[in-house]
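Let me begin by presenting the structure, written as structure tokens, before commenting on it.
The values are calculated or read from the model by the stated rules, or taken from the named source; none is laboratory data. Just so it is clear, the model here is predicted, and its values are computed rather than measured. No Cβ is skipped: glycine too gets one built from the backbone with ideal geometry, and neighbour counts run over all protein chains shown. Just so you know, the surface numbers come from the protein's heavy atoms only, side chains and all, with ligands and any DNA or RNA stripped out. Shrake-Rupley method; radii C 1.70, N 1.55, O 1.52, S 1.80 Å.
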Amino acid sequence: PTSRMRAPARSPLAASACRTTITEVYQSGSSTPDADGWGCESSSQTSKYVRSIHTSDAGVITVEAQGFGDTDIDAKKIDLTPYHDGSTVKNPATTNHMGSPVFKWVCGPASTDPMPAKFLPGSCRGNG
């Protein structure tokens with residue numbers, strides 16, 4: 001396989017520290033920080049294929065790709081979204097969301113500058 005086909009798979013892996021931190025905050029019931037305040041973000045390059053990692057105040061992780069030499073992939077983004085149950089996105093303002101575990105993480109194209117579906121890692125395709 002070419003790097004174009006396999007390298008985006010590294011993007012969700014780059015977010016693993018953020019997934020752990022966000023999961024622990026939700027489960028512990030502490031208050032959620034502001035966007036980019038979870039302590040796991042990076043505005044600078046974190047690897048050959050990851051330009052940046054950002055978080056929302058609700059814990060959605062956005063990973064921006066780089067280093068592929070392909071405008072269909074470079075500067076495109078993948079979101080990892082925490083869910084309270086099988087169909088409800090975690091929201092710290094919703095009763096019972098704090099103090100309960102993240103049920104699942106859903107990976108997919110970001111809402112801005114989305115990674116085209118054909119380049120998403122296998123773990124991001126069709127889950128949700």
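Roll a 1.4 Å probe over the protein chains and send me the accessible area per residue for the chain in Å². Before the final figure, lay out each step's value.
Working: 6440 Å² over 128 residues.
In whole numbers, the chain has 50 Å² accessible per residue.
Taking just the C-alpha trace of the chain, give me its Rg and Dmax in Å.
For the chain, the Cα-based Rg and Dmax read 14.4, 46 Å.
Applying the Karplus parametrisation 6.51 cos²θ - 1.76 cosθ + 1.60 with θ = phi - 60° to the phi angles of the range 21-34, what ³J(HN,Hα) value in whole Hz is obtained for each residue in order, glycine and proline being reported as x?
4, 5, 4, 5, 5, 4, 5, 6, x, 5, 6, 7, x, 5
Looking at the chain, which longest stretch skips every one of the trypsin sites (Lys or Arg not before Pro) that is in a DSSP loop with at most 13 other Cβ atoms within 10 Å, leaving the sites themselves out?
Working: sites that count: K48, R125.
Between the exposed loop sites, the longest stretch runs 49-124.
Rounded to the nearest 0.05, what FRET efficiency is calculated for E24 and T112 with R0 set to 22 Å and r the Cβ-Cβ distance?
Working: r = 27 Å, r/R0 = 1.24.
Once rounded, the FRET efficiency stands at 0.20.
Counting each DSSP H run of 4 or more residues in the chain as -39500 (n - 2.57), what helix-only mean residue ellipticity at 222 nm follows after dividing by all residues, to the nearest 500 deg cm²/dmol?
Working: 3 runs with 22 residues, N = 128.
For the chain, the value works out to -4500 deg cm²/dmol.
To the nearest 0.05, how large is the calculated FRET efficiency for S44 and S16 if R₀ is 25 Å and r is the Cβ-Cβ distance? Display every interim value, and only then the final one.
Working: r = 18 Å, r/R0 = 0.72.
Here the calculated transfer efficiency is 0.85.
Work out the length of the dipole vector of the chain about its Cα centre, built from +1 on the beta-carbon of each Lys and Arg and -1 on the beta-carbon of each Asp and Glu, and round it to the nearest 20 debye.
That gives the chain a dipole magnitude of about 540 debye.
Which of the chymotrypsin sites (Phe, Trp or Tyr not before Pro) found in the range 42-128 are in a DSSP loop and have at most 15 neighbouring Cβ atoms, other than their own, within 10 Å? Provide the component values of the computation, followed by the final result.
Working: sites: Y49, F68, Y83, F103, W105, F119; in loops: Y49, F68, F103.
Passing both the DSSP loop test and the Cβ count: F103.
Identify which of G69, G29, G108 has the largest mean-square fluctuation in a Gaussian network model of the chain, with springs joining Cα atoms closer than 10 Å.
So, out of G69, G29, G108, the one fluctuating most is G69.
Normalised by the residues of the range 73-128, what does the relative contact order come to in percent, with Cα pairs under 8 Å and at least six apart? Mind dumping the intermediate values first?
Details: 85 pairs, mean separation 22.6, N = 56.
Over the range 73-128, the number comes to 40 percent.
Roughly to the nearest percent, how much of the accessible area of the chain is carbon and sulfur, given a 1.4 Å probe? Working shown, then result.
Working: 3170 of 6440 Å².
Taking all protein chains in place, the chain shows 49 percent carbon and sulfur surface.
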